[in-house]
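Computed from the coordinates by the stated procedures, all read-outs in this text should not be read as laboratory data. Everything quoted here is computed from the prediction, not taken from an experiment. Counting neighbours? That spans all protein chains shown, and the Cβs are built from the backbone with ideal geometry, glycine included.
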Amino acid sequence: MTEKNLIKIYVNATSAKRVDIIIRHESTLCLKMIGSTGMKYMIEYRKSIDVIVSCVEYGCIPYIRYPVAFHYISLLSENMLNIKHIATLRFKMSVAFVVYKLCDKNRLSTVYIEEFLNKIQEHDFNSKLFCVLNEHGINEKKFFDSTITNIVIDELEKFYSILSREEDSDKVENQPSD
């Protein structure tokens, strides 16, 4: 298939067919990308496809911390929304990315990992956050045109206060008695 025909077929294809074309003709597209945009982008593209395929296969949500990877996975998954679990994957991945960016790591650094894991499970942070988002009409079908920053900050503050109450009670218990 010539490059011209490939582009013509790609333009007229459904989103699922586009992804299939990208995967099947990766070597042709790779050579074109190396010449025009550099190898770095091809590597990010390949990693992004691997992440999406793995998450769909194992039924998990990717925890992406880096903006470039997040951008590539978001763009690629946008063309796969008709595939089962992709809409949920995009939504939860996006929320996790925002939580990561807004989380005050210094406030968490004083807590032992075991205590942190126990508290996050007791508080049920994820369920509460997604429940509050849903109350605001933010879900996997409607989230890119919504600002979730303030909601995430509020939920993080609630969690920080639970952790700080625990730290304060530990300090009182560990003080020597007179």
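Miscellaneous remarks
- Search result, residues across the range 123-153 that are over 16 Å from F97 (Cα atoms) and in contact with a helix residue (DSSP H, G or I) (Cβ under 8 Å, 6 or more places away or on another chain): H123, K128, V132, H136, K141
- Scanning the range 48-65 for residues that are touching a residue at least 24 places away in the same chain (Cβ under 8 Å) and closer than 11 Å to L76 by Cα yields S48, I49, I52.
- With a requirement of 3 or more residues that are exposed (fewer than 14 other Cβ atoms within 10 Å of the Cβ), the helices (runs of 4 or more DSSP H) lying completely within the range 41-136 that satisfy it span 67-78, 113-123, 125-135.
- Test: residue in the range 116-126 that is free of Cβ contacts under 8 Å to residues at least 40 places away in the same chain, more than 17 Å from the chain's Cα centre (by Cα) and under 21 Å from R65 (Cα atoms): yes
- Among residues of the range 82-105, those that are touching a Lys or Arg at 6+ places or on another chain (Cβ under 8 Å) and hydrophobic (A, V, I, L, M, F, W, C), counted: 2
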